[in-house]
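To keep things clear, I will list the structure first and then write my remarks on it.
The values are calculated or read from the model by the stated rules, or taken from the named source; none is laboratory data. Keep in mind that this is a model prediction, so the values were computed, not measured. With ideal geometry, Cβ positions are generated from the backbone for all residues, glycine too; neighbour counts draw on all protein chains shown. Just the protein is used for accessible areas: all its heavy atoms, side chains included, with ligands, DNA and RNA removed. Shrake-Rupley method; radii C 1.70, N 1.55, O 1.52, S 1.80 Å.
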Amino acid sequence: MCRVLFGVGEGERIRPLLEAFIDASENDPYKEARGKGREHRDGWGYVLLGKESLDHYRSGRPVFEDEEGVEKLETSLEGFVVLLAHSRAASQGTKGLFNVQPFAFSTGRGFSFWLYHNGDLDKDEIIRLAELSGKDLKHASDSYVFGAYLSRKLESLSKEDLLKRYSEIKGATKTSFNTGALFLTPDSVKGFVTAYSEPGYILRRENWDYARQIVLSEKNLFAVASSTLELYHRASWRNAVNGTAFYVELNLEGEKFSVQELVLG
């Protein structure tokens, strides 16, 4: 599984979260406690959205060894921004750039989106729900297949439709369904984040420590991240309630956002 970060607010305030994300990817005591090593080294990527630009970057290198990629991101954290970052520890799908996240998708319903996922899903079940070809997706990760499902099945960006489709995939969760997404239409920007782990999986303390998502909500700053970031950035983090979704409406020109906490079905 992976380390993730969704953040919105002033770039200068998100920069320490990025630094914690990098440290958590290189040295993760929660991962090590599960006997899985301490590094997330199977590639990393980010999406950074500002008022007038969107950068999407993916690298097969570990984030803690990609000085050029990190420097480019750090220098771009200016003004009001939205950041999605993902550092991979491969579990399903081949290693390499194809399965490095966040993924980018465009749909026939007039919106594009970028998506990351942390955890393990039942890939075959999602293929069935999306009416896709298992042969075509043989080497794709479960996370990619989830994105393909949304491309095909998500009717609109209303919170009702998002909850409907994400709740359906919640039922295909093997370990965790921790996701972050950014949706773009010609006249709107929305974020959607989920924090869910299969109840039986997190009965083991080591799994809960590793899989849980943490939330930072301050004036003009909102972030959801993997638990390990709390070890590297001291802040008023709280644990996300298992089964929570966050619906984020963004106004880039006004440098404003609103967050609604929802419950996955």
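Exactly one residue out of PHE103, PHE80 is without any contact (Cβ under 8 Å) to a residue 60 or more places away in the chain, of a type in the set (Phe, Trp, Tyr), surrounded by 16 or more Cβ atoms within 10 Å (Cβ to Cβ) and closer than 22 Å to LEU18 by Cβ, and it is PHE103. Only one entry of GLU78, GLU68 meets the criterion of being part of a helix (DSSP H, G or I) and of a type in the set (Asp, Glu), and that entry is GLU68.
For (1) more than 21 Å from ASP122 (Cα to Cα); (2) touching a Ser or Thr at 6+ places or on another chain (Cβ under 9 Å); (3) open to solvent by 40 Å² or more (accessible area, probe 1.4 Å); (4) in a loop (DSSP other than H, G, I, E, B), each residue gets a yes or a no:
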{"residue": "TYR166", "(1), (2), (3), (4)": "no, yes, no, no"}
{"residue": "GLY180", "(1), (2), (3), (4)": "no, yes, no, no"}
{"residue": "GLY191", "(1), (2), (3), (4)": "yes, no, no, no"}
{"residue": "THR194", "(1), (2), (3), (4)": "no, yes, no, no"}
{"residue": "TRP208", "(1), (2), (3), (4)": "no, yes, yes, no"}
{"residue": "SER236", "(1), (2), (3), (4)": "yes, yes, yes, yes"}
{"residue": "PHE246", "(1), (2), (3), (4)": "yes, yes, no, no"}
{"residue": "GLU249", "(1), (2), (3), (4)": "yes, yes, yes, no"}
{"residue": "GLY265", "(1), (2), (3), (4)": "no, yes, yes, yes"}
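Within the stretch 62-82, identify whether any single residue is more than 24 Å from SER258 (Cβ to Cβ) and within 16 Å of the chain's Cα centre (by Cα), and answer yes or no. Looking through the stretch 62-82, at least one residue is more than 24 Å from SER258 (Cβ to Cβ) and within 16 Å of the chain's Cα centre (by Cα). Of a type in the set (D, E, K, R), in contact with a strand residue (DSSP E or B) (Cβ under 7 Å, 6 or more places away or on another chain) and either touching a residue at least 60 places away in the same chain (Cβ under 8 Å) or closer than 26 Å to HIS56 by Cβ (or both) - does that describe any residue in the stretch 249-260? Yes, the stretch 249-260 has at least one match.
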